[in-house]
Amino acid sequence: MIGGNWTADADGVPSGALRACLEDAVAAPSVHNTQPWRFRVCGGTIEVFADRGRRLDVLDPNGRELYISLGAAVFNLRAAMLARGRVPVLRLLPEPSEPDLVARVTVGPATRPPATAIMLADAIPRRHTNRQPFTDIPVPEEALTDLTVAADTERARLVITDPAARDAVLDVVRIAEQRRRHDPAYWRELSEWTRPGVERRDGVPPEAFGPWDALEVVPIRDFSVVRPARRRKPVPFERAPTIAVLYTRGDTPDEWLRGGQALQRVLLTATVRGLASTIMTQPVEVPHLRALLQDASDGYAAQAVLRFGYGPFSAASARRPLEEVLVTAGGTKVPD
Ligand SMILES: Cc1cc2nc3c(=O)[nH]c(=O)nc-3n(C[C@H](O)[C@H](O)[C@H](O)COP(=O)(O)O)c2cc1C
């Protein structure tokens, strides 16, 4: 066991810095806020497991978005550890015989935390998916460069679209979104993950649905389609949205985990820059529409369409408490 504040007890119940890192991990974005993760702490290592019971069978039959969500949580763990002065040692899919064990993040040597890690970790609780209209103020070039560098750093690629490509990408998002609105299986699944409940700590709550761009220039996923009482109100959105597409080098589980880390580094970098962001994955969930986003010649695979800009405050969506996601020897209870 690693000393100082980096401890878990014999049952694997963490305290101090290790616990703080796990609190940051669960703040990661996840598709429909499914939070498809579990964590086990063994000495100075955090093991990250896929919780496949939380996979979206209709929207995500291959678990691609489940892995992306897990990758985002892994990135938060890394950033949180580094910002607290320990080098995170990461192994993705460390046991081929145990596919649900998606990552091991070990507390490595002490280090002076880099300024970037501190800024990214500080941004974790401030990052929320923002489905509100953004202003027409353009995003500065330097900020866009920061976002593309963030994706590169994680071995992924972020393409910021020019106006012609932007319109084409938004057309594809719109077609995907409209198709889904006529798919009863999709509705049933969406209904599960938008069911309101005072006690509910997962799923997308009505406060996060956002309004409706009646012209559908910005075709944000309509979470209210199965909740007529919470129909989105029409309001004008920005006329020239800033749209990017995130690609990974391949389309396998380890690339999805890398893609999730890249996604989260990009989103946190945007937060540091004062930018709001929206994830739009509707077209990536329909194979023939996803193909329209790819350049078949280089093998890169589209994983998400992202929107950036300056927006009003957007509320946090709830997370399940650590005791629900922590695998411990003596049960699942974590002390307060
Ligand atoms: C892989 C993935 C796909 C997502 N797809 C969408 C989407 O298509 N539309 C959307 O509005 N939000 C999307 N989200 C955002 C989630 O709904 C959001 O992360 C979750 O509800 C938690 O809220 P938060 O990001 O504000 O913490 C996606 C997130 C992930 C990780």
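When Pro228 is tested against (1) more than 23 Å from Asp60 (Cα to Cα); (2) surrounded by 13 or more Cβ atoms within 10 Å (Cβ to Cβ), just one condition goes unmet, and that condition is (2). On the stretch given as the range 209-221, residues that are within 11 Å of the ligand (Cβ to nearest atom) and either touching a strand residue (DSSP E or B) at 6+ places or on another chain (Cβ under 7 Å) or at positive phi (or both) total 4. If you go through the range 32-43 and keep only what is in a loop (DSSP other than H, G, I, E, B) and in contact with a Ser or Thr (Cβ under 6 Å, 6 or more places away or on another chain), you end up with just Pro36.
The set of residues from the range 293-318 being of a type outside the set (Ser, Thr, Tyr) and either farther than 19 Å from Val169 by Cα or assigned to a loop (DSSP other than H, G, I, E, B) (or both) comprises Gln294, Asp295, Ala296, Asp298, Gly299, Gly311, Pro312, Phe313, Ala315, Ala316, Ala318. Among the candidates Leu120, Leu56, the residue that is out of contact with any strand residue (DSSP E or B) (no Cβ under 9 Å at 6 or more places or on another chain) and either surrounded by fewer than 24 Cβ atoms within 10 Å (Cβ to Cβ) or of a type in the set (Phe, Trp, Tyr) (or both) is uniquely Leu56. Please list, ordered by first then second residue, the pairs with beta carbon atoms under 9 Å, 6 or more apart or interchain, first in the range 201-216 and open to solvent by 30 Å² or more (accessible area, probe 1.4 Å), second away from the ligand (no atom under 12 Å from the Cβ) and aliphatic (A, V, I, L, M). Going by the 9 Å Cβ cut-off, the qualifying pairs are Trp212/Val235; Ala214/Val235. Only one of the numbered conditions (1) open to solvent by less than 60 Å² (accessible area, probe 1.4 Å); (2) within 15 Å of the ligand (Cβ to nearest atom); (3) in a loop (DSSP other than H, G, I, E, B) is not met by Arg290, and that is (3).
Figure legend. Inter-residue proximity from the range 178-196: first residues open to solvent by 90 Å² or more (accessible area, probe 1.4 Å), second residues part of a helix (DSSP H, G or I) and at pLDDT 90 or above, beta-carbon distance below 8 Å, spacing 6+ or different chains. No pairs are indicated. Taking the criterion of being surrounded by 22 or more Cβ atoms within 10 Å (Cβ to Cβ) and not aliphatic (A, V, I, L, M), the residues of the range 9-23 that qualify are Pro14, Cys21.
The values are calculated or read from the model by the stated rules, or taken from the named source; none is laboratory data. None of the values given here were measured: they were computed from a predicted structure. Virtual Cβ from ideal backbone geometry, glycine too; neighbours counted across all protein chains shown. To get the accessible areas, we keep the full protein, side chains included, count just its heavy atoms, and leave off ligands, DNA and RNA. Shrake-Rupley method; radii C 1.70, N 1.55, O 1.52, S 1.80 Å.
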